[in-house]
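In what follows, a structure is listed as structure tokens, so that the remarks can point back to it.
The values are calculated or read from the model by the stated rules, or taken from the named source; none is laboratory data. All figures in this text were calculated on a predicted structure; none of them were measured in a lab. So basically every Cβ, Gly included, is an ideal-geometry build from the backbone, and we count neighbours across all protein chains shown.
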Amino acid sequence: MAYAAITCLMRTIQQSIQLTGCNLQSFYEQFKSLRANLEKHAGDHDALKSLEAEIIELVCTTEDILDLESRNVKNPISKIIAFWKLHSLLKQAVGRIDSTLNKWMEMQNMYTKSKDEEAHNLDLASTTSISQHVVEPQDMMVGHENELEMIMQDQLARGASELEVVSIVGMGGIGKTTLADKIYNHPFIMSRFDIRAKATVSQEYCAKKVLLSLLSSTSGKIDEHQDGGQLADRLQKSLKGRRYLVVIDDIWTERAWDNIKLCFPDCNCGSRILLTTRNMEVAEYASSGKPPNQMRLLNFDESWKLLQREVFVKNCFSPEFEQLGKQIALKCGGLPLAIVVIAGLLSKIGEAFDEWTSVAENVSSVVSTDHNVQCMRVLALSYHHLPNHLRACFLYFAMFPEDTVIFVNKLVKLWAAEGFLKAEMMKSIEEVAEKCVKDLIDRNLIFVHSVSSFDGKIKACRMHDVIRELCLREASNTNFVNVMMDNQNHGVRISIRSKQSKLAASQLSMVRNKDSYSVLLFTEDPSSSTVMQHLKHFKVLRVLDLASLAWHIFPSCIVELFHLRYLALCVYSSSNDRDICIPPSITRLRYLQTLILKFPTSLAWKIFKMSQLRHLSLDWNYLNESMGRSWLLRNLQCLSGLNPLSCTSSIFRLLPNVKKLQICGIQEDYIRKDKVFDDLCCLDQLTELKFKIRKMIGRAIYDTSFVLPPLGAFTKNLKKLAFTGTRLHWEDLEILGKLPKLEALKLGYDACIGTDWEVGEEGFSHLKFLRLKHLYLHNWRASSDHFPRLERLVIIRCWSMYSIPQDFVDITTLQLIHISDCAKSVGNSAKKIQQEIEDSYGSSVEVCISVSPFN
């Protein structure tokens, strides 16, 4: 975590340069150099952890003082004083951190040298014993029968005569080795290949050990005193001219593959290499141009079958134990290793019903109770192999409650505010964060929960319960996160989970470390209670998420938390939606990057003075003063909830780099501002635009709220457009088809009025994605010429629609038709299109239909 701490300090130095004007760039470069040394070394020995903790403490103390001194700059004189103070502070910090880091590196080198000597002295006997230890009995595999047949028949037996690499990828404990062994020892494979060999690479990779293991299978005779080059040459000669199958199990890096791949000759006789790994990048790197085989988790029936085999077949239990056993199998989340570990425990417990009940209630924690238990040892390898820049990202998942669906959009903002992401050239901090999410998914430490129907980007992710136990343990051990569900009261970051807000306030009061950087609160009780009385003592908070609480007034003491970079609040008044005012003093939060305010608010125009803002998310709002002096929000990327009345050229010119914009108001707002669109051309960087009209109870609904302007009023870079409640006429959409870069169009509830949509002659020549949701559309008349590049069509809750235009058969780019809660005839038309495309063009279109309960 020293890596993350130094990265945070570097971000704060950059921020200090921007806010004070002091030239501290040389110190930034020095810390960058120190961080580079950490990238080359990693260690998990106790002595190393102790030194790393010293580095973290030094860095955090330096950062806090730097933050404080930077805020004291008010005028030229204070700037000069601050510069010398900051110069002295950072010079001293660099010296002390460098000294401690040198000790850390010396100790790390000593451990590495010792480890290398041990690896060098390994003889064949130890290699053989290790290999035998990881092989599981053949009859242990449950499920994956289809995968086994597909890999054996389609990928190993058939295909090109050239040498090919087939990869199996999945999280630790999911059964990759078991599947590979099952394939390796299958009679069909034994008869198919002239020679077979296998080796386990493992995390602590030793090339000589791998070569010795393979040679023991191919030639029987080995000389362990030969060097790596000689062994590689012998292996290549033993394989040459023969059809061979080599299993490379548990490979972790591309470098490990590069070191051994030249040993495998390609004699055009159908040889294959079967490789298993936890890392998708390694699998894709080694594979012969074909997608790796992603191992899935077991379903419930398979999980129960495995637990039955391990426990109930070997022992006699009464029926009530079987019911508990099914609960336990379900809670193992389909991870075979977790089921086997739990099975071993249940077998030892015997017929102790109370103990079985306790296991059923605490499955994931039971798996991780003993730090040396096999399951945790296996899974911990994935964490310890993470590069430094990903460790903090992984541990941050400890901040979220169990089984939470975590939206990537929110996660990206939180990580950016925390400051531990490493900046990359030509990439925004959001792009860096999204890459880190993808890396964790590729390493099978988190899972994709949902993706965008437009471009397949990851929308939400989750973490397996057993992986989460590992995450919680490591986060606690490193003091990275304190989950306030136990007696701990320390931690750099605090996550509070409580059904009652009063209990949450009590937990917060118990925290001794008032220097915590982050507080995330998860509660089912929206009353704000006394939480704020305790939070005001956390003077260096950077991240504060109180969105699960409802505040009847804006908590004024928040503006005293000067270091905030992320703030999420829910403010609500039952008496008058416009009563809640966000005070001008909010501009004291000069570091704020993300501001999320839920429910209607009255907003001070001085919010445009907050120059560090990157994401501003509002509900229906009003600026309560006319604009005074203008400030440019150069960093603002996303703005949602902007009232139509505020859509003026004078405001748009303050947002030169905004990429995503949502305009939200009631119908009267749109009518009073009759030319909402006309000034949009000021937003040169805008690529995504949404319009939403809120329905208000007791207010009249007009036929239409606004009319689309001429083509020239739109920004030319617009790629995505969405409308909700706008009550446009269908013919109004013709102008949108002329936008040169429009790729996605989403029409939500009441976006358009009228039952017939006859698409205009020019159509939508560039559109790739179209979503129609909750519209009272009956007849849709269009041809393939109107949507020549359409790839994805999504229709949701359009109960009155009869069918999809049949001419869509001739859209050669079509990939997906998704139908949800529509008339049966719509689904039938989609299936008909699918069949005709297959018959006419020989290509396939995916059709997903969810049957409406109303039909």
| query | Any chance region 254-270 includes a residue that's more than 40 Å from the chain's Cα centre (by Cα) and either assigned to a helix (DSSP H, G or I) or at positive phi (or both)? | reply | yes
| Within region 290-313, which residues are more than 22 Å from L445 (Cα to Cα), in contact (Cβ under 8 Å) with a residue 12 or more places away in the chain and among the aliphatic types (A, V, I, L, M)? | L306, L307, V311
| query | Got at least one residue in region 559-571 being over 21 Å from V492 (Cα atoms), at pLDDT below 80 and surrounded by 17 or more Cβ atoms within 10 Å (Cβ to Cβ)? | reply | yes
| message | Quick test of your reading of the structure: A232 fulfils all but one of (1) touching a helix residue (DSSP H, G or I) at 6+ places or on another chain (Cβ under 7 Å); (2) in a loop (DSSP other than H, G, I, E, B). Name the failing condition by number. | response | (2)
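Say whether the condition of being in contact with a Leu (Cβ under 6 Å, 6 or more places away or on another chain), surrounded by 15 or more Cβ atoms within 10 Å (Cβ to Cβ) and not in a strand (DSSP E or B) is met by at least one residue in region 832-843.
Let us first name the residues in region 832-843 that are in contact with a Leu (Cβ under 6 Å, 6 or more places away or on another chain), namely none.
Within region 832-843, none of the residues are in contact with a Leu (Cβ under 6 Å, 6 or more places away or on another chain), surrounded by 15 or more Cβ atoms within 10 Å (Cβ to Cβ) and not in a strand (DSSP E or B).
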| task | For G748, indicate whether it is surrounded by 19 or more Cβ atoms within 10 Å (Cβ to Cβ), more than 32 Å from the chain's Cα centre (by Cα) and outside the structural domain of V826 (by TED's automatic domain parsing). | result | no
| request: Mind listing whichever residues of region 764-805 are aromatic (F, W, Y) and in contact with a Lys or Arg (Cβ under 7 Å, 6 or more places away or on another chain)? | output: F769
| Residue that is modelled with the lowest pLDDT [pool: residues in region 139-171 that are in a loop (DSSP other than H, G, I, E, B) and in contact with a Leu (Cβ under 8 Å, 6 or more places away or on another chain)] | M141
| said: K673 - would you say it is within 28 Å of K720 (Cα to Cα) and modelled with pLDDT of 85 or more? | reply: no
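Scan region 313-337 residue by residue and report those that are among the basic types (K, R), within 40 Å of the chain's Cα centre (by Cα) and farther than 16 Å from R468 by Cα. Before the answer, list the steps.
Let us first name the residues in region 313-337 that are among the basic types (K, R), namely 314, 326, 331.
Imposing the further condition that a residue be within 40 Å of the chain's Cα centre (by Cα) reduces the set to 326, 331.
Selection gives K326 alone.
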| message | Any residue that is basic (K, R), in contact with a helix residue (DSSP H, G or I) (Cβ under 7 Å, 6 or more places away or on another chain) and not assigned by TED's automatic domain parsing to the domain that holds S347 - is there at least one of those in region 277-297? | response | yes
| remark: Result of the Cβ filter at 8 Å on region 602-622, keeping first residues that are in a strand (DSSP E or B) and partners that are among the charged types (D, E, K, R) and modelled with pLDDT of 80 or more, at least 6 apart or interchain, is H615/K413
| Scanning region 172-204 for residues that are modelled with pLDDT under 85 and either charged (D, E, K, R) or in contact with a Ser or Thr (Cβ under 7 Å, 6 or more places away or on another chain) (or both), which turns out surrounded by the fewest Cβ atoms within 10 Å (Cβ to Cβ)? | E204
| said: What pairs come out if I take residues in region 32-56 that are at pLDDT 80 or above and pair them with residues that are polar (S, T, N, Q) whose C-beta lies under 7 Å away, six or more apart or interchain? | reply: R35/T7; I55/T100
| Can we say K459 is assigned to a loop (DSSP other than H, G, I, E, B) and not hydrophobic (A, V, I, L, M, F, W, C)? | no
| said: Among the residues of region 757-765, are any touching a Pro at 6+ places or on another chain (Cβ under 8 Å) and either part of a loop (DSSP other than H, G, I, E, B) or closer than 26 Å to T687 by Cα (or both)? | reply: yes
| request: Confirm whether K716 is outside any strand (DSSP E or B), farther than 28 Å from K831 by Cα and modelled with pLDDT of 90 or more. | output: no
| Scanning region 477-496 for residues that are at pLDDT below 70 and not small (G, A, S), which turns out surrounded by the fewest Cβ atoms within 10 Å (Cβ to Cβ)? | N487
| remark: Looking across region 20-38 at residues that are outside any helix (DSSP H, G or I) and on the phi < 0 side of the Ramachandran plot, the single one that is surrounded by the fewest Cβ atoms within 10 Å (Cβ to Cβ) is N23
| request: Give the number of residues within region 808-821 that are within 18 Å of L790 (Cβ to Cβ) and either assigned to a loop (DSSP other than H, G, I, E, B) or outside the structural domain of I796 (by TED's automatic domain parsing) (or both). | output: 5
| query | Is there a residue in region 415-428 that is under 22 Å from S518 (Cα atoms), loosely packed, with under 15 Cβ neighbours inside 10 Å and outside the structural domain of I168 (by TED's automatic domain parsing)? | reply | yes
| Right, I586: modelled with pLDDT of 75 or more, assigned to a loop (DSSP other than H, G, I, E, B) and out of contact with any Pro (no Cβ under 6 Å at 6 or more places or on another chain) or not? | no
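Looking at the structure I just gave you, is S498 without any contact (Cβ under 8 Å) to a residue 60 or more places away in the chain and over 13 Å from the mean Cα position of the chain (by Cα)?
Working: without any contact (Cβ under 8 Å) to a residue 60 or more places away in the chain: yes; over 13 Å from the mean Cα position of the chain (by Cα): yes.
Yes.
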